[in-house]
1. Explain nothing, just the number: relative contact order of segment 17-173, from Cα pairs under 8 Å at least 6 residues apart, as a whole percent.
2. Cut-off under 14 Å on the C-alpha distance; same-chain residues fewer than 8 positions from K35 excluded. Which aspartates and glutamates are left, in chain and number order?
3. Please give me, ordered by residue number, the GluC sites (Glu not before Pro) of segment 134-175 that lie in loop per DSSP and have at most 12 other Cβ atoms within 10 Å.
4. Computing the accessible area with a 1.4 Å probe over protein heavy atoms, can you report the carbon and sulfur percentage for the chain?
5. Let a ≥ b ≥ c be the square roots of the eigenvalues of the Cα gyration tensor of segment 71-143; is it rounded (a/c under 1.5), or, if not, prolate (a/b larger than b/c) or oblate?
6. Would you list, by chain and number, the aspartates and glutamates whose Cα falls below 18 Å from the Cα of K148, excluding same-chain residues fewer than 8 positions away?
7. Ignoring ligands, DNA and RNA, what accessible area per residue does the chain give at 1.4 Å, in Å²?
8. Could you give the spread of the C-alpha atoms of segment 27-85 along their three principal axes, from largest to smallest, in whole angstroms?
Amino acid sequence: MTDTQRDIGLLEPTPECRCNGTPPTPEQTEGPYYKPYTPHKTNFRGDVESYTPMVLSGRVVGLDGKPVGGALLDFWQVGDEGVYDDEGFRLRGHQFADDEGNWRLETVLPAEYPGRTRHVHVKVQPPGGEVLTTMLYFPGERRNRLDKHFRPECLMEVRETPEGWEGTYTFVVPA
Ligand SMILES: [Fe+2]
């Protein structure tokens, strides 16, 4: 067997093709901290006293790449202290994408907490569609490769600005 044949034997099968080649955002575990019936909220900063500001934004599109207007996005995360609010709805809230599928959340940088790399939880639901439960991650985090939940497909584009952190992500959902 040549090296080339050995290499061919190790290749992954070509995945099923989608209309525009964009795979859907992967489903990930909800974890133990989700709470339903969150308030409508696009700014989490009043929920905590000290924080590093972060703006998350992006779009929701279908498998055909077209915007999914009116999609529900329900976010939950930790702040500086690395703990979820189980009593109330601090750092928890939902919003709806606009007609062009755009969404935006003024929030705070989540800390790492034991066993997890830095992340933000979210549920995304197109109007009348299935709920996608997933998480968003930050590039360049040393614990990404140690976290068994980490999915590179769910890495945001992140940059630091004088005003704080900015993260962007496009959710791709069956719609
Ligand atoms: Fe979490």
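1. Reported as a whole number, the value is 31 percent.
2. Excluding near neighbours in sequence, the set is D74, D85, D86, E87.
3. Here the GluC sites (Glu not before Pro) that fit, given the DSSP loop and packing criteria, are E163.
4. Here carbon and sulfur together make up 51 percent of the probe-accessible area.
5. Working: a/c = 2.07, a/b = 1.64, b/c = 1.26.
The shape class here is prolate.
6. E27, E30, E112
7. Per-residue value: 57 Å².
8. Result for segment 27-85: principal-axis Cα extents of 41, 25, 19 Å.
The values are calculated or read from the model by the stated rules, or taken from the named source; none is laboratory data. Here the structure is a predicted model, which is why all the values come from computation and not from measurement. Positions of Cβ are generated from backbone atoms using ideal geometry, with glycine treated the same way; all protein chains shown enter the neighbour counts. Keep in mind that these areas ignore ligands, DNA and RNA; they rest on the heavy atoms of the full protein, side chains included. Shrake-Rupley method; radii C 1.70, N 1.55, O 1.52, S 1.80 Å.
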